[in-house]
Amino acid sequence: MQNKQKPVTQCVSEKDNLIKIEGLPRDTDNFWRTDLTLSPSLMSGKKCLRYRRYSKGLSFSHRERQLLNIHGLLPHAVLTMEQQVMAHQKYFATLTSQMAKYIFLTDLEARNRTLFYSFLMSNPDEYMKVFVSATTGYLVKQFGIFYTVFRGMFITIKDRGHIYDVLSNWPYAEYVRCLIVSNGKSVLSWGDQGVNGTPVIVYKKYSNVVHGGIEPDCCLPVTLDVGTDNEQLLQNPQYCGIRQKRISAAEFDEFFEEFTHAVIRLFGSRAIIQTKDFGSSESIKQLSLYRKQQCIVDIDLQYMGACGLAGILGALQITKLQFKDNVLLFHGDSSFCIGMARMCVAYLKRSGLNESAAKSGIWFYDGKGLVVFNRTSWKVSERMQEFQHVHEPVEGLVESIDAVKPNILIGFRLGEKAFTKDVLRAMERSAQHPIIFAMSRPLEVMECTAEDAYTYTKGRCIYISGISLPSIKYANKVYQPGYCSSDYIISGLTLGVMLSGMTAVPDETFLVAAERLASLIWPTDLVKRDVYAPHRKLRSINLRIADAVLCFAYRRGLATLWPEPENSMHYIQSKVYDLGYNKVLPDTYCMYEPQIGTDESFDYYKERV
């Protein structure tokens, strides 16, 4: 019997991969589609009343109701948008539970999308909290119960070989410019949640619209259902995803490659793919494979990393240090920690340092000890090997702090109270103004509370968390914990990339966004040790970041939209989502001239009529 010859695995070079992608067929390029309205002649009255994209509710005028044959299907009153929003605000104020608020808002979105976004924008700080999973996580844990109407797409491993056909089923494919993609592998601090991670990316879509003014139809949340290793979900009868173990890394690579090729073919090379909750290994791998051929970015690795960098830049106004003088100690290998470390290295290299010097002040602790070359007790994971140092092995977080003397301590997904009082006291000994990033979410799994941070550092620390927290009073002084959130950057940077027509997003784009964010801090907030701009100003902040990114794209020759706008901010404001109702009646005009009997009456008609 002859032995079967084993297949020879060949490396695919970056050039070969680029040729392969450039050779893909293109159905269209959505970048050039600027008119997102539907012709009124294609809409019937029943469709206008029933479909959320066209419904006006009680804002239909009496003339519209009669001509569309929906007269009598609504009460007599005609309300303005402001009156409708006010009525819904009064009803919302009567709701006491988060579940009731969520059901009310999702029902409103299903009935009248324009009114839904107008309602959210009337008070974003109050109403957007309903969709934030980081606070309690009830939307993630109960997704099978809360799921009602479609707000995105679900592509499963069973669709392999047909992903293009599945994506083509999206009814508004001709408008899509940004895809927010998750495989649910590493959701918040809970790990593998499968399709239950969908509410996180749906919130990102809402954030793009509310905080950045991006057209809702331009954003498409996509959940890649490739199984889950969470046994509780597999045994849960309400779980909506595939009931199988998560596929291997090699299978996912092939699956995701087919997905990216389908996106390029269907939406064009300028369509942005925003990955979320992939896990640090997969995020790094997919980003390195496709970022030069496609606008692919990772929310945890890059957007959150840039927001963390902005927090340090803001804190420099308090600590009075040069950026290169900071010493950072990261606890864990989460996407946020690696992404923030990479952003800091990129920032230092841009300022003139070489890679070795840029990494000299960035240290990692993986729970087993400092990440160093000659460590023999525990192997350093591949994700953190780029940040290894030549140093004697050190075990224990307190001992590591005493050894490297960091002034910045960053933790994410570590578990409850990972920053103990001994750790915080070590940071107090290590720096005059220690900066503490306690980024785990939700609240019950944070590394340390703000009260503990201020108490055990004797009120000298700058405390930053991944959750919006109230102000704290310590030693007769009021401190405001900083809020490190991708909401500060994600919609503004996305809008700038979309409007400029960038086909790839280099790291410098995120540095530009971080610098602009750090420049917007209010002096009154710095007094309270808050190193981020006011969260209530997110819309204005993101528009300014979009302006910075747009100008950067033209300055670096990355933009493909020509000619360059004379006034970038005016151009951006002209492209933001219009909250007004769409026109539902076609324009009418007179096709016949009036019959005039005499010259005298004709002259009278011209002058008077």
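The values are calculated or read from the model by the stated rules, or taken from the named source; none is laboratory data. Since the structure is predicted, the reported quantities are computational estimates derived from the model, not experimental observations. A quick note on method: Cβ atoms are made from the backbone with ideal geometry, for glycine too, and the neighbour counts reach across all protein chains shown. To get the accessible areas, we keep the full protein, side chains included, count just its heavy atoms, and leave off ligands, DNA and RNA. Shrake-Rupley method; radii C 1.70, N 1.55, O 1.52, S 1.80 Å.
The C-alpha atoms of the chain define a longest principal axis, and helix 81-93 lies at about 50 degrees to it. First select every other residue whose beta carbon is under 10 angstrom from the beta carbon of Tyr454; then total the charges, Lys and Arg +1, Asp and Glu -1. Result for the neighbourhood of Tyr454: +3.
Our summary of shape: the Cα atoms of the range 305-487 have principal axis extents of 46, 36, 30 Å, ordered from largest down, in whole angstrom.
Couplings 3J(HN,Hα) for the range 491-503, derived from phi with the Karplus relation 6.51 cos²θ - 1.76 cosθ + 1.60 (θ = phi - 60°), are 6, x, 5, 4, 5, x, 5, 5, 6, 7, x, 5, 9 Hz, where x marks Gly and Pro. Think of the range 305-487 as having a plus end and a minus end, set by charges on the Cβ of Lys, Arg, Asp and Glu; of Leu321, Met427, Cys337, Leu321 sits farthest toward the positive end of this dipole. When +1 charges are put on Lys and Arg Cβ atoms and -1 charges on Asp and Glu Cβ atoms, the dipole computed for the chain relative to its Cα centre reaches about 840 debye. Taking 0.36 nm per residue of sequence separation and removing the Cα-Cα distance, the Asp229/Asp587 pair yields an extension gain of 123.2 nm. Extent of the chain along its three principal axes (Cα atoms, max minus min coordinate, largest first): 106, 86, 53 Å. Under 5 Å between amide hydrogens, which residues at least 5 positions from Asp225 or on another chain qualify, with H placed 1.01 Å from N in the peptide plane? The list, which skips near neighbours in sequence, is Ile155, Thr156, Ile157. Using only the alpha-carbon atoms, how far is helix 599-608 inclined from the longest principal axis of the chain? Give it as 0 to 90 degrees, nearest 10. It is inclined by approximately 30 degrees. In this structure, the residue pairs whose Cα-Cα separation is over 20 Å, taken from Lys359/Lys405; Lys129/Lys537; Lys324/Lys349; Lys379/Lys405; Lys56/Lys129; Lys458/Lys528, are Lys379/Lys405; Lys56/Lys129. On full extension, the segment bounded by Tyr138 and Ser288 gains 50.6 nm, given 0.36 nm per residue less the C-alpha separation.
For Ile472, the residues whose amide H sits under 5 Å from its own are Tyr479, Gln480, ignoring neighbours fewer than 5 places away on the same chain, with H placed 1.01 Å from N. Over the range 461-533, accessible surface divided per residue gives 31 Å², non-protein components excluded, 1.4 Å probe. Note on Leu443/Thr94: beta-carbon distance plugged into 1/(1 + (r/R0)^6) with R0 of 35 Å gives a FRET efficiency of 0.85. Pick out, from Tyr577, Gly411, Cys461, the residue whose Cα sits farthest towards the positive end of the charge dipole of the chain, with +1 on the Cβ of Lys and Arg and -1 on the Cβ of Asp and Glu. Positive-most Cα among the choices belongs to Cys461. Contact order, relative form, for the chain: 13 percent (alpha carbon pairs under 8 Å, 6 or more residues apart, mean separation divided by residue count).
Under 5 Å between amide hydrogens, built in the peptide plane, is the criterion, and for Ile272 it picks out Cys178, Leu179 among residues at least 5 positions away or on other chains. Ranking Pro393, Gln66, Ser491 by Cα position along the charge dipole of the chain, where only Lys, Arg, Asp and Glu carry charges on their C-beta atoms, puts Pro393 farthest toward the positive end. Placing pseudo-labels 7 Å out from each Cα toward the beta carbon at Ser540 and Arg350 gives an inter-label distance of 2.4 nm.
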